[in-house]
1. Examine region 87-102 for a residue that is open to solvent by 50 Å² or more (accessible area, probe 1.4 Å), closer than 30 Å to Asn11 by Cβ and in a helix (DSSP H, G or I), and state whether such a residue exists.
2. Could you tell me how many of the residues in region 22-43 are open to solvent by 30 Å² or more (accessible area, probe 1.4 Å) and either in contact with a Leu (Cβ under 8 Å, 6 or more places away or on another chain) or among the β-branched types (Val, Ile, Thr) (or both)?
3. Within region 106-142, can you find the residues that are among the aliphatic types (A, V, I, L, M) and either surrounded by fewer than 12 Cβ atoms within 10 Å (Cβ to Cβ) or in a helix (DSSP H, G or I) (or both)?
Amino acid sequence: MPSLLGLHRFNEADPGAAEEALLACCGSHRWALRLTAHRPYPDIESLLAAASEASYDLRPADLAEALADESWMPQPLLGMRAPGSQAAHTALRAAHAAYEARYGHVFVVCLDGIAPEEMLDTVLTSVRTRLANEPDEERLVAAEELRRIALTRLEHLVGA
């Protein structure tokens, strides 16, 4: 079973390698160290539950570190690869810029289950909606989106 093999490799990896792999899922060192320290995990569900719990325990500095790491990801602005008109892409660039100016970090949203042709509209609607949030409220929303993204990445990591 490939997923159990991936989990076995993760459980047996040297601590530095495990932490580095986890940092690709979520850029918080505290999060990665916590998950590394609690190995071995008996199954993927236990690992994901621990990752989710560690995400809920992120302090503001940990969240800021993870969000800053997202800005270094080698990807274009979220939604920019999705099909859509030039005007929609221009509106999306402007919305991303307004979001970063208001909150001081990149916009994150989990797009699991969203069809490629719906991504641009989904991201644009989400950015515009979330721009109305107060900073404390938006920090909670961004933390939840980051948690969902990290869990998806972690599933891919141990499923590989």
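The values are calculated or read from the model by the stated rules, or taken from the named source; none is laboratory data. As the structure is a prediction and not an experimental result, all values here were calculated from the model. Cβ atoms come from the backbone with ideal geometry, glycine included; neighbour counts cover every protein chain shown. The area values use the complete protein model at the heavy-atom level, side chains included, leaving out ligands, DNA and RNA. Shrake-Rupley method; radii C 1.70, N 1.55, O 1.52, S 1.80 Å.
1. no
2. 4
3. Of everything in region 106-142, those that are among the aliphatic types (A, V, I, L, M) and either surrounded by fewer than 12 Cβ atoms within 10 Å (Cβ to Cβ) or in a helix (DSSP H, G or I) (or both) turn out to be Ala115, Met119, Leu120, Val123, Leu124, Val127, Ala132, Leu140, Val141, Ala142.
Residue-by-condition table, conditions (1) among the hydrophobic types (A, V, I, L, M, F, W, C); (2) under 30 Å from Leu35 (Cα atoms); (3) within 15 Å of the chain's Cα centre (by Cα):
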site	(1), (2), (3)
Arg102	no, no, no
Ile114	yes, yes, no
Leu124	yes, no, no
Arg128	no, no, no
Pro135	no, yes, no
Arg139	no, yes, yes
Leu151	yes, yes, yes
Leu154	yes, yes, yes
Val158	yes, yes, no
